Amino acid sequence: MTDAQVATQATDEAGPGEPAPARPWWRPPWLGPAALGAALVAANVCIAADVRYPVIVPALGAFLLVGLPAVLLMMKVDWHADSVVERLGYSLVTVVLILMFAGLLVNTLLPPVGISDALGPVTVIVIGDALVALLLWWRRDRIAWRPARPLWSVRLTIQEKTVTRLGIAAVAIAVIGANRLNNGAGDGVAVAGLALTFVTLLLVFIWRDRLDPGVITFTLFVLAMAVLFMTSMRGWYTTGHDIQREYRVFELTRTNGNWQISRFKDAYNACLSITILPTMLWEATKIHDPYVYKVLYQSMFALAAPLVYRLSLRFTTPAIALIGVTYLLCFPTFSNDMPFENRQEIAFLFILAMLLVLTSEGMPRRRKQLWIAAFSLGMIVSHYSSALVFIATVVATVVLGFALRRGGRWLAAAGRRLRLPRTRLGGADVRPVLGWANVTVLLLGAFVWIGLITQTGSTFTGTVGSALSSIGSTFSFSAKSSDVAYNLFSFSQPSNSQLMSEYRKQTVQETGDRAGYYPLAALNARARTSAVDISAKPTALGRGLDRAGVNVTDVQTILHGAMAKLLQLLVLVGLLAILFYKDPRFRIRREPYLFAFATLLALGAEVVVPVVSENYGILRAFMQGLLILSPILAYGSVIVFSRLGSKWATRLAIGLALILFVNLSGLVPQLLGGYDQDLSLNNSGLYYNIYYPHAEEIVAINWLRRHIPPRIQTSVQSEVVTDQFEFQRLKIYSGINLRNDIYPTLLRRNSYVYLSWSTVRNDLATVAYKGNLVTYKYPLGYLLRVKDELFANGGAEVFR
């Protein structure tokens, strides 16, 4: 036994009043405080002096503003949890909450007294130092929690060393693979990183009974980070869809030194998670602007995987909990879209914290309600759509609970008459945590923030109005996003050709008498468009399977559609099994079950009510639902194989989850071809064409800014805004009217037309129509006939 282990054991065995054991010579009592003080001084100096040195300065700034406060909250708040990752999750979310509202406070108080740089370095230093000082002073004589074993005493087994090292290697390879793709190299390293992620996850399943719980949660954290980094690190600029406008409102706040909703009246600008929070993080870390989202936010959101695992362990076994997290990691929205939706990442962390509080066994009910109220306010100011879906779920949960308490006896009697087995919802249960008080906080918070303070509720009210007016077209796909086709009860969807035809008709109607537009007859003759399939061609392995009679394109299309429906079916199976089976492998109280059921109802409403699925995609809503439904989905997969016995049912459920992982994560489609290409693994495909920014495009955008007079009345048309921040600033400060569509029927005679990389290089353009992305062959010949080319650099062109 080492000296550290002896000292630790002596500490544990020492009784009250006994002297503390002697410290090892290499760990004197002043070493920790001295190192802490030195780090804090260094962080203050670097922020004040605007020092920008890679890695070291960002680490010091993050330590001051986030890391140390989170650790102090871990130790000093009684979270009624022994798991390190659980306490870290609570503490991190609390720090984010404090930073957003502290930033909002100084942002409100300082500008009126003449200090415009309200969120500048001085403010960040004061807030960081004050937070650390208060936490050090608070409960200075007692600590609510300390680790069971000091880090230096931890000894990992060979299995634990293997999975942790492979997980860390997967993160490094994911970053290297993304950078190689950014430099135009092949996909080999990126594919290897994804394969290593899968192998590590497989080993965690195989060795799960021999791994320390802390090792499992750490491994899940780094694997989630690897999956997120594979997408977030693509491109040298901000890459993705929502992140473009998120980056814009962040830059508006950062460059002005303060946040004002009047500066840009938009729902994005009302999210403190992408305005005040990233500005404060940037001031502390001085990291390159896009990497606040690319690195810092993804590192925080990676905690979602181990937090879902810890939440699942409250209901079920480690094996089933791991299956649920596997479904979360491989869900396409997690890997392909969450790195582009940073405001939603922060909101999801708040939701996870509330779910952990709701299901906590040891935390008093009143304290639960207070923490849920606090975290709900953080969620509301972080993301409007996530908050509204969560509010609807909570309201449904409270109503269902009230109805069950009032009509429980009647339901029990009806069940006996129908000879149904007794459900788990019967009998006595603890008082519910969620009540009308929490509903009031949620509704009042949303009303005050969205309706009164920011006045950005038009998106929500518009969606509600459109939904009510279009209920008659509930079963029409024309009123919904094509993602609805993945619904369990949907078996068809409009083809891209049908969507293209419908879009063309709509644009012709919008342009009316075509005054100022090109003649429709000429467009019909020379500028016809048709949707094209941009799926990857089968690889050598895929062609081999084709020759053997297995069409990889058809198989992949069928599999992905079937997998989406399978996940929903497993959720239904799990909910029913939990309700009627007295299975010791899954235990859940009434309120969390009702919350899960209400989540499913919210997803159903998203599918049934028209327009809603267009404004808040069903896949994003399902991703939010997976935070609570993951263990239920996993349990449903075990129940499906239960006839084969408990051991084999678990093994086959694990196998199914791993099969879905290699398919939905993009690994098998990348090896076989014949399907959509993921941005994380390719320099081609839909997301690459419309979201990946190229240096040539940035040059063209800057050329436009320099050569178009500020007060010109003509407009610039752009099919894809690859650096939307530049375009949006141009729109606001130069008076230029921007259009994001160059579809031939929308071309105006007096407009500038900007063509992006995919149109210049591949003659491809994409339209966004009712929540669908449709790629078509662009008629460049007609554009050259009717307009003059002003600028070209091989990757972007400008016409007039």
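The values are calculated or read from the model by the stated rules, or taken from the named source; none is laboratory data. In this text the structure is predicted, and so the values were computed from the model without any measurement. All Cβ positions, even for glycine, are placed from backbone atoms using ideal geometry, and neighbour counts span all protein chains on display. When the accessible area is computed, the model is the full protein with side chains, heavy atoms only, and any ligands, DNA or RNA have been set aside. Shrake-Rupley method; radii C 1.70, N 1.55, O 1.52, S 1.80 Å.
In the stretch 27-35, the count of residues that are out of contact with any Gly (no Cβ under 6 Å at 6 or more places or on another chain), open to solvent by less than 60 Å² (accessible area, probe 1.4 Å) and modelled with pLDDT of 90 or more is zero. Among residues of the stretch 517-531 that are touching a residue at least 60 places away in the same chain (Cβ under 8 Å) and charged (D, E, K, R), those with a Cβ under 8 angstrom from a residue that is surrounded by 13 or more Cβ atoms within 10 Å (Cβ to Cβ) and part of a loop (DSSP other than H, G, I, E, B), sequence gap 6+ or separate chain, pair up as Arg526/Pro779; Arg528/Pro779.
Of everything in the stretch 241-256, what is among the aromatic types (Phe, Trp, Tyr) and either in contact (Cβ under 8 Å) with a residue 60 or more places away in the chain or surrounded by fewer than 19 Cβ atoms within 10 Å (Cβ to Cβ) (or both)? Give them in sequence order. Once the filter is applied, which keeps residues that are among the aromatic types (Phe, Trp, Tyr) and either in contact (Cβ under 8 Å) with a residue 60 or more places away in the chain or surrounded by fewer than 19 Cβ atoms within 10 Å (Cβ to Cβ) (or both), the stretch 241-256 yields only Tyr247. Against the conditions (1) modelled with pLDDT of 95 or more; (2) farther than 30 Å from Thr238 by Cβ; (3) open to solvent by 10 Å² or more (accessible area, probe 1.4 Å), Leu355 satisfies every one except (3).
Restricting Val607, Val611 to residues that are at pLDDT below 90 and at positive phi narrows the list to Val611.
Taken over the stretch 260-304, the criterion of being open to solvent by 10 Å² or more (accessible area, probe 1.4 Å) and either β-branched (Val, Ile, Thr) or on the phi > 0 side of the Ramachandran plot (or both) is satisfied by Ile261, Lys286, Ile287, Val295.
Within the stretch 112-140, if we keep just the residues that are free of Cβ contacts under 8 Å to residues at least 60 places away in the same chain and outside any helix (DSSP H, G or I), the residue that is farthest from Cys46 (Cα to Cα) turns out to be Arg140. If you go through the stretch 553-608 and keep only what is aromatic (Phe, Trp, Tyr), in contact with a Ser or Thr (Cβ under 8 Å, 6 or more places away or on another chain) and either open to solvent by less than 50 Å² (accessible area, probe 1.4 Å) or closer than 21 Å to Leu322 by Cα (or both), you end up with Phe586, Phe595.
Taken across the stretch 166-177, residues that are open to solvent by less than 30 Å² (accessible area, probe 1.4 Å), touching a Leu at 6+ places or on another chain (Cβ under 6 Å) and assigned to a helix (DSSP H, G or I) do occur, with at least one present. Taking the stretch 640-679 as the search range and keeping residues that are β-branched (Val, Ile, Thr) and within 20 Å of Arg208 (Cβ to Cβ), which one is most open to solvent (accessible area, probe 1.4 Å)? Ranking the qualifying residues of the stretch 640-679, first place goes to Ile659. Residues of the stretch 514-534 include at least one that is basic (Lys, Arg) and open to solvent by less than 40 Å² (accessible area, probe 1.4 Å).
Counting just the residues of the stretch 156-165 that are free of Cβ contacts under 8 Å to residues at least 40 places away in the same chain and either basic (Lys, Arg) or in a loop (DSSP other than H, G, I, E, B) (or both), which one comes out farthest from Ser299 (Cα to Cα)? Step by step, filter the stretch 156-165, then rank; the result is Lys161. Considering only the stretch 49-61, I want to know if a residue exists there that is over 27 Å from the mean Cα position of the chain (by Cα), in contact (Cβ under 8 Å) with a residue 12 or more places away in the chain and part of a helix (DSSP H, G or I). Within the stretch 49-61, none of the residues are over 27 Å from the mean Cα position of the chain (by Cα), in contact (Cβ under 8 Å) with a residue 12 or more places away in the chain and part of a helix (DSSP H, G or I). Here's a check for you: in the stretch 257-296, which residue that is in contact (Cβ under 8 Å) with a residue 60 or more places away in the chain and acidic (Asp, Glu) is farthest from Thr456 (Cα to Cα)? Ranking the candidates gives Glu283 first.
Out of the stretch 724-769, which residues are modelled with pLDDT under 85, of a type in the set (S, T, N, Q) and within 32 Å of the chain's Cα centre (by Cα)? Within the stretch 724-769, Gln724, Gln728, Asn737, Asn740 qualify.
When the test is whether a residue is closer than 24 Å to Leu296 by Cα, out of contact with any strand residue (DSSP E or B) (no Cβ under 9 Å at 6 or more places or on another chain), in contact (Cβ under 8 Å) with a residue 24 or more places away in the chain and basic (Lys, Arg), Arg234 passes it. Scanning the stretch 178-215 for residues that are open to solvent by 40 Å² or more (accessible area, probe 1.4 Å), over 23 Å from Tyr309 (Cβ atoms) and in contact (Cβ under 8 Å) with a residue 40 or more places away in the chain gives Asn179, Gly184, Asp187.
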